[in-house]
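Visitor: Have a look at this one before I ask anything.
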Amino acid sequence: MIIVLDRKATQEDIDRVAERVQAVGLRVHLSRGTERTVIGVIGDERQLDPEAIQVLPGVERVVRILHPFKLASREFKEAPTIIRLPDGTEIGGAKIVVMAGPCAVESEETLLETAKMVKAAGASVLRGGAFKPRTSPYSFQGLGEEGLRLLARAREVFGLPIITEVLSPQDVELVSQYADILQIGTRNMQNYSLLQAVGRSNKPVLLKRGMMSSIEEWLMSAEYILASGNHEVILCERGIRTFETYTRNTLDLSAVPIVKKLSHLPVIVDPSHGTGKWELVKPMSKGAIAAGADGLLIEVHPQPERALSDGPQSLRPEIFSEVMRELVPVARAVGREI
Ligand code: PEP
Ligand code: MN
């Protein structure tokens, strides 16, 4: 439920409404706009009688949110959420944000080389996994904290903010000390204790869609993070499992306009995991921008044939530059810049 206050509502009116909400064990989320203040009610709102709130002084209207996700919904917040990174990069604004880099941080040399090239091509965030969620326990699991240190070094040298995955609640504090954005991978989209842990951190969270999750389940996972107090969530479509085996996953681009309509949160697309094939990254990147995505997450490796993970879907730096160039007119056609 959201409670829209009257333009003339006083602080006393706002406090009175908030007290009523809190008195039945619910929490309030206050958004002060330039025009008016809106109180979001967090928790099981069956405890609250909307009519008893409607009659309080200063209340203009009480709106019930019909979706099971509340804080993530457009009804709760009409204006798009724009997330600002420490260097001023904005996610969800007019400019398309491209996050690029290797699947995994492998060595200082390859990471710095990749960072240099993706930056030159126009990427604004460097990606790289230090803790890798591999299907096989015998595959390369990532460099752990050493990988985080290397990412921080790349940020120092090239000034690119960094995004990296966090796999477990006990690692959230450590990864937050290094990362500018915490990534929740597809396999952990419904790891609710991890979602709550990143919800208590003060870093933006990129939440990948579970490979077998519906759009509603994905938004409910975002709700866990928001309800834990972290309002900076970026949604990432990365493909879902279908009967198709030609591609690694089926990239659901229709999710982009659907989620943009249902939610105020920024949406980005990962065409690398979404297809599993480097040749498909360019066309699907164009499609994602045309569909309204706020950004892209792309795997780039200086020598994909030598990559320790996800080589077949990684772009060579020169192909990445080509993709970036060809995205310019697509972005322009839909009123965005890149
Ligand atoms: C990744 O970004 O490298 C990754 C493991 O992604 P996903 O969780 O989408 O498989
Ligand atoms: Mn990968």
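The values are calculated or read from the model by the stated rules, or taken from the named source; none is laboratory data. A quick note: this is a predicted structure, and the numbers were derived from the prediction, not measured. Using ideal geometry, Cβ is built from the backbone for each residue, glycine included, and neighbour counts are taken over all protein chains shown.
Visitor: Among the residues of segment 46-62, which ones are touching a residue at least 24 places away in the same chain (Cβ under 8 Å) and among the charged types (D, E, K, R)?
Guide: Once the filter is applied, which keeps residues that are touching a residue at least 24 places away in the same chain (Cβ under 8 Å) and among the charged types (D, E, K, R), segment 46-62 yields E60, R61.
Visitor: Condition (residue is polar (S, T, N, Q), closer than 26 Å to V323 by Cβ, buried (at least 18 other Cβ atoms within 10 Å of the Cβ) and within 15 Å of ligand 1 (Cβ to nearest atom)) applied to segment 267-276: is it met by at least one residue?
Guide: Yes, segment 267-276 contains at least one residue that is polar (S, T, N, Q), closer than 26 Å to V323 by Cβ, buried (at least 18 other Cβ atoms within 10 Å of the Cβ) and within 15 Å of ligand 1 (Cβ to nearest atom).
Visitor: Could you tell me which of the residues L207, L194, L182, L167 is part of a helix (DSSP H, G or I), modelled with pLDDT of 95 or more and not hydroxyl-bearing (S, T, Y)? Full working, then the answer.
Guide: Details: L207 fails: part of a helix (DSSP H, G or I); L182 fails: part of a helix (DSSP H, G or I); L167 fails: part of a helix (DSSP H, G or I).
Testing whether each residue is part of a helix (DSSP H, G or I), modelled with pLDDT of 95 or more and not hydroxyl-bearing (S, T, Y) leaves just L194.
Visitor: Pairs under 8 Å by beta carbon, first residue in contact (Cβ under 8 Å) with a residue 24 or more places away in the chain in segment 112-139, partner among the basic types (K, R) and within 13 Å of ligand 1 (Cβ to nearest atom), six or more apart or different chains?
Guide: Note: pairs meeting the criteria are P133/R187; S139/K132.
Visitor: Let me ask something else. Within 16 Å of ligand 2 (Cβ to nearest atom) and touching a helix residue (DSSP H, G or I) at 6+ places or on another chain (Cβ under 8 Å) - does that describe any residue in segment 218-236?
Guide: No, because not a single residue in segment 218-236 is within 16 Å of ligand 2 (Cβ to nearest atom) and touching a helix residue (DSSP H, G or I) at 6+ places or on another chain (Cβ under 8 Å).
Visitor: Further question on the same structure: How about segment 96-149: which of its residues are within 13 Å of ligand 1 (Cβ to nearest atom), surrounded by 23 or more Cβ atoms within 10 Å (Cβ to Cβ) and among the hydroxyl-bearing types (S, T, Y)?
Guide: Residues satisfying the conditions do not exist here.
Visitor: If V98 passes every condition in (1) modelled with pLDDT of 95 or more; (2) not in a strand (DSSP E or B) but one, which one does it miss?
Guide: Unmet condition: (2).
Visitor: Same structure again: Which residues, counting only those in segment 52-64, are of a type outside the set (A, V, I, L, M, F, W, C) and either buried (at least 17 other Cβ atoms within 10 Å of the Cβ) or in a loop (DSSP other than H, G, I, E, B) (or both)?
Guide: Answer for segment 52-64, where residues must be of a type outside the set (A, V, I, L, M, F, W, C) and either buried (at least 17 other Cβ atoms within 10 Å of the Cβ) or in a loop (DSSP other than H, G, I, E, B) (or both): P57, G58, R64.
Visitor: Give me the residue from segment 153-171 that is within 25 Å of R187 (Cα to Cα) and out of contact with any Lys or Arg (no Cβ under 9 Å at 6 or more places or on another chain) and, out of that set, surrounded by the most Cβ atoms within 10 Å (Cβ to Cβ).
Guide: By that ranking, first place goes to V166.
Visitor: Is segment 67-78 home to any residue that is among the basic types (K, R), surrounded by 15 or more Cβ atoms within 10 Å (Cβ to Cβ), within 16 Å of ligand 1 (Cβ to nearest atom) and under 22 Å from M189 (Cβ atoms)?
Guide: As a first pass, look at segment 67-78 and keep what is among the basic types (K, R): 70, 74, 77.
Applying the additional criterion that residues be surrounded by 15 or more Cβ atoms within 10 Å (Cβ to Cβ) yields 70, 74, 77.
Remaining after also requiring within 16 Å of ligand 1 (Cβ to nearest atom): none.
Among the residues of segment 67-78, not one is among the basic types (K, R), surrounded by 15 or more Cβ atoms within 10 Å (Cβ to Cβ), within 16 Å of ligand 1 (Cβ to nearest atom) and under 22 Å from M189 (Cβ atoms), which makes the answer no.
Visitor: So, P266, is that one more than 15 Å from ligand 2 (Cβ to nearest atom), touching a Pro at 6+ places or on another chain (Cβ under 9 Å) and under 20 Å from I162 (Cα atoms) or not?
Guide: On the way: more than 15 Å from ligand 2 (Cβ to nearest atom): yes; touching a Pro at 6+ places or on another chain (Cβ under 9 Å): yes; under 20 Å from I162 (Cα atoms): yes.
Here the answer is yes, as P266 does meet what is asked.
Visitor: Restricting attention to segment 245-254, report how many residues are within 16 Å of ligand 1 (Cβ to nearest atom) and surrounded by fewer than 23 Cβ atoms within 10 Å (Cβ to Cβ).
Guide: Start the filter on segment 245-254 by keeping residues that are within 16 Å of ligand 1 (Cβ to nearest atom), which leaves 247-253.
Applying the additional criterion that residues be surrounded by fewer than 23 Cβ atoms within 10 Å (Cβ to Cβ) yields 247-250, 252-253.
Result for segment 245-254: 6.
Visitor: Scan segment 269-307 for residues that are assigned to a loop (DSSP other than H, G, I, E, B) and within 16 Å of ligand 2 (Cβ to nearest atom) and jot them down.
Guide: Listed by number, the residues that qualify are D270, G276, K277, H301, P302, Q303, A307.
Visitor: Output yes when any residue across segment 44-51 is within 20 Å of L262 (Cβ to Cβ), surrounded by 13 or more Cβ atoms within 10 Å (Cβ to Cβ) and not assigned by TED's automatic domain parsing to the domain that holds I225, and no when none is.
Guide: Looking for residues that are within 20 Å of L262 (Cβ to Cβ), surrounded by 13 or more Cβ atoms within 10 Å (Cβ to Cβ) and not assigned by TED's automatic domain parsing to the domain that holds I225, one finds at least one in segment 44-51, hence yes.
Visitor: Scan segment 87-99 and report the pairs whose first residue is on the phi > 0 side of the Ramachandran plot and whose second residue is in a loop (DSSP other than H, G, I, E, B), with Cβ atoms within less than 9 Å and a gap of 6+ or a chain change.
Guide: Qualifying pairs under 9 Å: G92/P80; G92/T81; G92/I82; G92/H264; G92/L265; G92/P266; G92/D294.
Visitor: Let me ask something else about it. What do you reckon, is A293 crowded, with 17+ Cβ neighbours inside 10 Å and more than 22 Å from G199 (Cβ to Cβ)? First the steps, then the outcome.
Guide: Details: crowded, with 17+ Cβ neighbours inside 10 Å: yes; more than 22 Å from G199 (Cβ to Cβ): yes.
Yes, satisfied.
Visitor: Report, by residue number, each residue of segment 1-46 that is out of contact with any helix residue (DSSP H, G or I) (no Cβ under 9 Å at 6 or more places or on another chain) and among the polar types (S, T, N, Q).
Guide: T10, Q11, Q22, S31, T34
Visitor: Let me ask another. Please state which of the following conditions I258 fails to meet, knowing it meets all the rest: (1) within 19 Å of G210 (Cβ to Cβ); (2) within 16 Å of ligand 1 (Cβ to nearest atom); (3) not in a loop (DSSP other than H, G, I, E, B).
Guide: Of the numbered conditions (1) within 19 Å of G210 (Cβ to Cβ); (2) within 16 Å of ligand 1 (Cβ to nearest atom); (3) not in a loop (DSSP other than H, G, I, E, B), the odd one out for I258 is (2).
Visitor: Still on this model: Look through segment 1-25, keep the residues that are buried (at least 17 other Cβ atoms within 10 Å of the Cβ) and in a loop (DSSP other than H, G, I, E, B), and return whichever of them is farthest from the chain's Cα centre (by Cα).
Guide: Checked segment 1-25; the qualifying residue farthest from the chain's Cα centre (by Cα) is A9.
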